[in-house]
Amino acid sequence: MHWPDRFQTQRLVLRRTTAADAPAIFEGYAQDPEVTRYLVWRPHDTIDDTRAYLAKCDAGWDAGTELTWALTLTGQERLIGMIAARPRNHMVDLGYVLAREYWGRGLMSEAAAAIVDLAFRDPAVHRVWALCDVDNHASARVLEKAGMSHEGVLRRRIIHPNISPDPRDVHCYARIRSSATGGS
């Protein structure tokens, strides 16, 4: 499938990241312990950490293994968050982050729903899924609003280093393509 490097939703522009995004990411959320609490990476100590992350985003696009879009509000250039799709065979999994000042507006649900719909345009994709910490109720709500269903809890599945060095339980959410209709 060809994944677009730029597209729009009702309120957002999703575009491929650039090296110029480093200051907005670093200042906007990568240092924020509230934002990074449930993520699998620690807050960035320096802007060089953010630049290294953006280089990884570029490599993911080039390899087709992790497609990361910057989120901006329509008509504005400032990056407010990111969302990534990781295609693997017949599945695509999602990950995302949003600056705290934009929480509670439904923006990430809008972005996630757009990625889910985009993924299902590929007839080879049969499952779009994501995981979130059992204590991350806001992220669970994002996934539900994006049209995913709760499938269960995976015990001791992911280490969230900003909470504990031990693996934590996570919710698994997914939307699947119906085998009878070919739709999702």
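Please treat every number below as a calculation from the coordinates, not as lab data. Predicted, not measured: the structure shown is a model, and the values here were computed from it. Because the Cβ atoms are built from the backbone with ideal geometry, glycine has one as well, and the counts that use them run over all protein chains shown.
Here are the numbers:
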{"quantity": "GLY81 long-range amide H proximity, modeled H, under 5 Å", "calculated": "LEU71, ALA99"}
{"quantity": "Dipole axis of the chain (+1 Lys, Arg; -1 Asp, Glu on Cβ), positive-most option in ALA70, SER149, TRP103", "calculated": "SER149"}
{"quantity": "Neighbourhood charge, 9 Å Cβ-Cβ cut-off, centred on ALA19 and excluding it, Lys, Arg +1 and Asp, Glu -1", "calculated": "-1"}
{"quantity": "Cα-centred dipole magnitude for the chain, charges only on beta-carbon of K, R (+1) and D, E (-1), debye, nearest 20", "calculated": "540"}
{"quantity": "Candidate values [x] -0.30, -1.17; [y] -0.37, -1.12; [z] -0.51, -1.01, label of the one derived for log10 I(q)/I(0) by the Debye sum over Cα atoms at q = 0.09, 0.17 Å⁻¹", "calculated": "[x]"}
{"quantity": "Whole-Hz couplings from phi, Karplus 6.51/-1.76/1.60, listed for segment 93-107; x for Gly and Pro", "calculated": "10, 10, x, 7, 8, 9, 4, 4, 5, 9, 5, x, 10, x, 5"}
{"quantity": "Computed [θ] at 222 nm, helices only, for the chain once each DSSP H run of length n ≥ 4 contributes -39500 (n - 2.57)", "calculated": "-7500 deg cm²/dmol"}
{"quantity": "Whole-number D in µm² s⁻¹ for segment 105-184, Kirkwood Cα-pair radius fed into Stokes-Einstein, 10 °C, 1.306 mPa s", "calculated": "118"}
{"quantity": "Protection-proxy order for peptides 34-44, 130-140, each taking the mean of Cβ atoms within 10 Å per residue, highest first", "calculated": "130-140, 34-44"}
{"quantity": "³J(HN,Hα), Karplus 6.51/-1.76/1.60, whole Hz, each residue of segment 82-90, x for Gly, Pro", "calculated": "9, 9, 10, 10, 10, x, 9, 6, 8"}
{"quantity": "Between segment 126-158 and segment 70-86, the Cα center-to-center distance that results, in Å", "calculated": "21"}
{"quantity": "Karplus-derived 3J(HN,Hα), 6.51/-1.76/1.60, for each residue of segment 63-68, Hz, glycine and proline x", "calculated": "7, x, 9, 8, 9, 10"}
